[in-house]
Amino acid sequence: MKKSLLALTLLGAFAGVAQAQTAVQIYGTVDAGVIKRTNQTLNVGKRANNTLGFKGTEELGNGLKALFQLEVRYEPDTGTLESVTRPLFQGQSRVGLQGDFGMVRLGRGLTAFQETSTAFEPFHGLPTPAGFQTDLQIAGYTSEPLNPAGSSLNRFSNALFYNSPEFAGFQVNATVGTKEANGGAAIQGRNPVGTPAQYAPGSEASANPYSIATTYKNGPIAAMLATERNAVETRLWSIAASIFATPELKLMASYQRQNQDHTRAINPLTKAWVLGANYTMGPGKILAGYGQKSPDGVAKTKQLSVGYEYSLSKRTYLYADASRKKGGVQVPQTQNIYALGVNHAF
């Protein structure tokens with residue numbers, strides 16, 4: 001009898017320990033394809049970010065859990081890290097807690113606006129040249145202007161991230177960064193020519209960066225209202241919505257406005273809008289979009305893109321994209337882009 005009680009006690013103790021252990025998952029994406037751009041030779045590139053990630057959770061009891069996520073980005077055609085100027089965990093490096101209060105994390109990751117806005121972009125927010133999220137859907141805005149050249153444009157480092165619970169279809173996501181210097185180059189700003197730069201090399205932010213996105217979901221309808229201010233006090237506002245007109249057809253639209261009056265003495269405003277659609281046919285999906293970006297004093301950018309995805313499985317799909325972009329400051333003024341490739345998630 002005593003041995004049975006001892007065995008049950010030990011079994012219960014081990015079960016408690018096992019329950020409290022961290023569950024770690026290794027995940028990632030491998031995406032590669034051939035891309036042809038106007039005035040460029042055929043090259044091997046990517047449609048989506050290639051990632052190698054580690055994430056995990058630990059149950060702490062009473063509905064509370066600890067969580068972490070680390071994400072490396074790399075180039076599949078060369079096997080190198082994504083950029084020599086970017087951190088090892090370029091994708092994100094965050095640790096935090098989740099419970100009835102929502103989710104709180106510290107570290108580096110996509111801002112609340114940048115992360116939320118991808119649901120309203122026809123190419124899923126992927127960095128493909130045919131997509132809209134990295135330029136038109138953000139009105140050319142940069143979340144981290146004080147980073148070194150070539151670094152990320154849509155994340156905050158040294159930041160606090162909060163995701164609220166969903167209530168009656170509403171959710172609030174917020175990101176607040178510190179003023180810490182990230183080693184960027186000088187930004188002249190509004191200072192007269194010949195005077196010291198407004199932001200010298202390695203400058204701290206002049207104000208705490210923040211990003212807030214509020215979303216609403218009700219059946220087939222979703223909407224977003226967001227605002228963000230970066231480290232040089234450039235401000236952005238965005239409104240977006242989507243609807244499943246049928247189970248197969250998703251329609252979406254977004255409008256955004258950027259104000260750079262803190263660093264530009266003239267022509268500080270940029271406006272942009274994007275219309276998009278996804279249509280699913282069995283294992284295939286058609287993606288289409290059209291958008292415009294209108295900066296003050298600069299030629300308007302117009303972009304038309306179409307794409308097709310064919311799922312071979314839940315983890316692997318083939319894709320074909322075509323895009324035509326005109327205007328702006330790009331050279332040449334009209335650029336055509338064609339891509340064929342394969343994407344695998346693990």
Which of these, Asp321, Asp100, Asp261, has the largest mean-square fluctuation under a Gaussian network model of the chain (Cα springs below 10 Å)? Asp100
In the stretch 56-96, the chymotrypsin sites (Phe, Trp or Tyr not before Pro) that sit in a DSSP loop and have at most 10 other Cβ atoms within 10 Å of their own Cβ are none
Leaving out ligands and nucleic acids, note down the accessible area per residue over the stretch 74-140 with a 1.4 angstrom probe, in whole Å². 38
Charges on Cβ only, +1 for Lys and Arg, -1 for Asp and Glu, centred on the Cα centroid of the stretch 195-314; of Thr263, Ser203, Gln303, which one is farthest towards the dipole's positive end? Gln303
Going through the cross-link list Lys179/Lys325; Lys55/Lys250; Lys36/Lys285; Lys46/Lys271; Lys36/Lys326, which pairs have a Cα-Cα distance over 26 Å in this structure? Lys179/Lys325; Lys55/Lys250; Lys46/Lys271
How large is the accessible surface per residue of the stretch 151-198, computed with a 1.4 Å probe and reported in Å² as a whole number? 55
Starting from the Cα-Cα distance between Tyr338 and Trp237, subtract it from 0.36 nm times their residue separation and give me the gain in nm to one decimal. 33.2 nm
Once you charge only the Cβ atoms, +1 for Lys and Arg and -1 for Asp and Glu, what is the size of the charge dipole of the stretch 300-346 about its Cα centre, to the nearest 20 debye? 220
Among Ala240, Tyr317, Gly177, the residue whose Cα sits farthest towards the positive end of the charge dipole of the chain (+1 at Cβ of Lys and Arg, -1 at Cβ of Asp and Glu, taken about the Cα centre) is Tyr317
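Can you tell me the accessible area per residue over the stretch 25-68, all protein chains present, probe 1.4 angstrom, in square angstrom?
52
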Please compute the modelled spin-label separation between Ser311 and Thr118, points set 7 Å along Cα→Cβ, answer in nm with one decimal. 1.8
Label-zone membership for the stretch 125-154, site Ala322, 7 angstrom Cα→C-beta point, backbone N under 16 Å: 130-131
C-alpha center-to-center spacing [the stretch 53-131, the stretch 175-222] in angstrom: 19
Loop-resident sites, the stretch 240-346, for trypsin sites (Lys or Arg not before Pro), counting at most 13 other Cβ within 10 Å (DSSP): Lys300, Lys314, Arg315
In whole percent, the fraction of accessible protein surface over the stretch 146-298 that belongs to carbon or sulfur atoms, probe radius 1.4 Å, stands at 62
Estimated vicinal HN-Hα couplings, Hz - the stretch 298-311 in sequence order (Karplus 6.51, -1.76, 1.60; Gly, Pro = x): 10, 4, 5, 9, 10, 9, 10, 9, 9, x, 9, 10, 10, 7
Most mobile listed residue (Ser203, Ser313, Ser152) in the chain, GNM with C-alpha springs under 10 Å: Ser313
Please check which bits of the stretch 327-342 a label hung off Gln292 would reach, taking the label as a point 7 Å along Cα-to-C-beta and the cut-off as backbone N under 15 Å. 327-328
Relative to the longest principal axis of the chain, what angle (0 to 90°, nearest 10) does the C-alpha long axis of helix 2-20 take? 0
Other-chain or far-sequence residues with amide H under 5 Å of Leu269's (modelled H): Gln260, Asp296
With +1 at each Lys and Arg Cβ and -1 at each Asp and Glu Cβ, the charge dipole magnitude of the chain around its Cα centre, to the nearest 20 debye, comes out at 360
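The values are calculated or read from the model by the stated rules, or taken from the named source; none is laboratory data. Note that the structure is predicted; figures quoted are calculated from it, not measured. Virtual Cβ from ideal backbone geometry, glycine too; neighbours counted across all protein chains shown. For the accessible areas, the whole protein counts, side chains as well, though only heavy atoms, and no ligand, DNA or RNA atoms are used. Shrake-Rupley method; radii C 1.70, N 1.55, O 1.52, S 1.80 Å.
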